[in-house]
1. Of L133, L141, which residue is assigned to a helix (DSSP H, G or I), in contact with a Leu (Cβ under 9 Å, 6 or more places away or on another chain) and of a type in the set (A, V, I, L, M)?
2. For the stretch 13-21, check the following and say yes or no: at least one residue is open to solvent by less than 30 Å² (accessible area, probe 1.4 Å), modelled with pLDDT of 95 or more and of a type outside the set (A, V, I, L, M).
3. Tally the residues that are crowded, with 16+ Cβ neighbours inside 10 Å, more than 23 Å from I230 (Cβ to Cβ) and of a type in the set (A, V, I, L, M, F, W, C), restricting the search to the stretch 178-195.
4. Step by step: first the residues of the stretch 279-310, then only those that are in contact (Cβ under 8 Å) with a residue 24 or more places away in the chain and β-branched (V, I, T), then the one that is most open to solvent (accessible area, probe 1.4 Å). Which residue is that?
5. Is it fair to say V178 is touching a residue at least 24 places away in the same chain (Cβ under 8 Å) and either on the phi < 0 side of the Ramachandran plot or part of a strand (DSSP E or B) (or both)?
6. Quick one: which residue in V94, V106, V66, V83 is open to solvent by less than 10 Å² (accessible area, probe 1.4 Å) and over 20 Å from M203 (Cβ atoms)?
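The values are calculated or read from the model by the stated rules, or taken from the named source; none is laboratory data. Remember, predicted model here, so these are calculated numbers, not experimental data. Quick reminder, even Gly has a Cβ in these numbers, built from the backbone with ideal geometry, and neighbours come from all protein chains shown. Heads up: the accessible areas ignore ligands, DNA and RNA and are worked out on the full protein's heavy atoms, side chains in. Shrake-Rupley method; radii C 1.70, N 1.55, O 1.52, S 1.80 Å.
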Amino acid sequence: MGCGLRESSAAAASVWQVADASYGASLSDLVGAGSPEDLRPTDVQQPAIVAASVAAFAAFNETLGVDGAAVTANGYPVNVAAVAGHSVGLVSAVVAAGCTLVGEAVALVRDRGRFMATAAFEKPGRMAAVLGLDEPAVESLTSAIRTETPGSYLSVANINAPGQVVVAGDLVAIDRIVNEGRGAGARRVIPLNVGGAFHSVAMLPAQAAMRERLLAVGIDPPAAPVISNIDAGHLVDPSGIRAELANHIAAPVRWLDGVRAIEALGVRHIVEFGHGSVLTGMLRRTVKGIELHNVSDMASARAAAAALTDG
């Protein structure tokens, strides 16, 4: 996860050095050589995802001749219409927009992971992906199961793409939707290997803790609007970004709405930065007539930079 980029890009290596210092241990060693058990805790996964994403963006900037891991307000060689991130990726987006530094971001998401793990321990739950149904149909299904299951808090957690909705909730209700989803019209319902019912009311204690934690984090105005996970609005001031970083923890990620908002800007290119290409896969199912790029190594960084600066 980002190891090859670390070795081939001085800018990416610099991001990982800062991430290691901020994390308080060698996060890069964990990512490069850790066992599945080492990598499972969410307070490891979240900083690793942010570091890998920001390192990929730094490598991209390196190919552009730009120092650092953020869009600069003046003289940046690409016209950036907006930045966006899915769940913890929102923190990476905030770094890329120049709102905060990667060191602060890694420490923040380490604590975010701890807050979420504690909330999940206190209110156990899981998540499942419902494929083949739109949001209203999944809302109807979750409402019915919630009503019939005492103490249930089953709800929609992510709206990712057409026909791809993730739900979160208590263990009994998740078992029910996995078993009953196909009978309600879903093509498949897949339990997710996560440690809690993220983006649900189970995360309200984590949301409150994150709100307090963010008081110690410097947030500057973004060089480009940050797309909200909550309502797909344009976040352009520090107070709105600070509120979003706390509130989205217990709110559904409306990624599909955010993609539609980006599409409405008339963009020609969308670039995903970091390990894997999950978001690019979702985008292929959602947008038409926009070139999609994924930057995870130096070759893809150079290719994306060339495409975005051509002409």
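1. Working: L133 fails: assigned to a helix (DSSP H, G or I).
Testing whether each residue is assigned to a helix (DSSP H, G or I), in contact with a Leu (Cβ under 9 Å, 6 or more places away or on another chain) and of a type in the set (A, V, I, L, M) leaves just L141.
2. no
3. 4
4. T309
5. Numbers: touching a residue at least 24 places away in the same chain (Cβ under 8 Å): yes; either on the phi < 0 side of the Ramachandran plot or part of a strand (DSSP E or B) (or both): yes.
The answer is yes for V178.
6. Values: V94 fails: over 20 Å from M203 (Cβ atoms); V66 fails: open to solvent by less than 10 Å² (accessible area, probe 1.4 Å); V83 fails: open to solvent by less than 10 Å² (accessible area, probe 1.4 Å).
Residue meeting the stated conditions: V106.
Residues are listed down the side, and each one gets a yes or a no for (1) open to solvent by less than 60 Å² (accessible area, probe 1.4 Å); (2) among the basic types (K, R):
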| position | (1), (2) |
| --- | --- |
| R126 | no, yes |
| V138 | yes, no |
| L154 | yes, no |
| L171 | no, no |
| R213 | yes, yes |
| I219 | yes, no |
